[in-house]
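These notes concern the structure reproduced below.
Please treat every number below as a calculation from the coordinates, not as lab data. A quick note: this is a predicted structure, and the numbers were derived from the prediction, not measured. Every residue, glycine among them, receives a Cβ derived from its backbone with ideal geometry; neighbour counts consider all protein chains shown.
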Amino acid sequence: MRKAVYVEGNEKKIILANCITKSEYEKIYKKNLVCPIDGCKAKLGFREVKKQRDGKYFYTLPNNKHVDGCPYKIQKKKRRVRRKIDNNLSEDFSQISFKIL
């Protein structure tokens, strides 16, 4: 995410990720950034990756969710459940031979 809304009291201001530094984020913006989409109140953090050209961006903080309809809402994949194997199988699979095609 390249922009966020800085909220201080009743004042709101659009902040661009490429216009701030990590130290500015820590001193001024930390805990006061939210999603730029109207109606979405997901709290955001800031990261700067120095080895990338466009390495500054905002991200959704853990345990914060974007509202339905927000383009930044990510649909997480459901966790795959492994099936438990029954150790008491009635067949003896060690005696099965396979035909090579």
Exercise for the section: Please turn the phi angles of segment 17-31 into ³J(HN,Hα) values with the Karplus equation 6.51 cos²θ - 1.76 cosθ + 1.60 (θ = phi - 60°), one per residue in order, whole Hz, x for glycine and proline. Expected result: 4, 6, 9, 10, 10, 4, 5, 5, 4, 4, 7, 10, 9, 3, 6
Practice task
Could you grab the relative contact order for segment 3-60? Cα pairs under 8 Å, six or more apart, rounded to a whole percent.
Solution key: 32 percent
Completion exercise
Shape descriptor, segment 3-60: equivalent ellipsoid semi-axes (Cα gyration tensor, sqrt 5λ, whole Å, largest first) stand at 20, 12, 9
Exercise for the section: Run the dipole for segment 1-80 about the Cα centre, Lys and Arg Cβ at +1, Asp and Glu Cβ at -1, nothing else charged, and hand back the magnitude in debye, nearest 20. Expected result: 660 debye
Completion exercise
Total charge of the residues flanking Ile28 in space, meaning their Cβ is under 14 Å from its Cβ, with Lys and Arg +1 and Asp and Glu -1, is +1
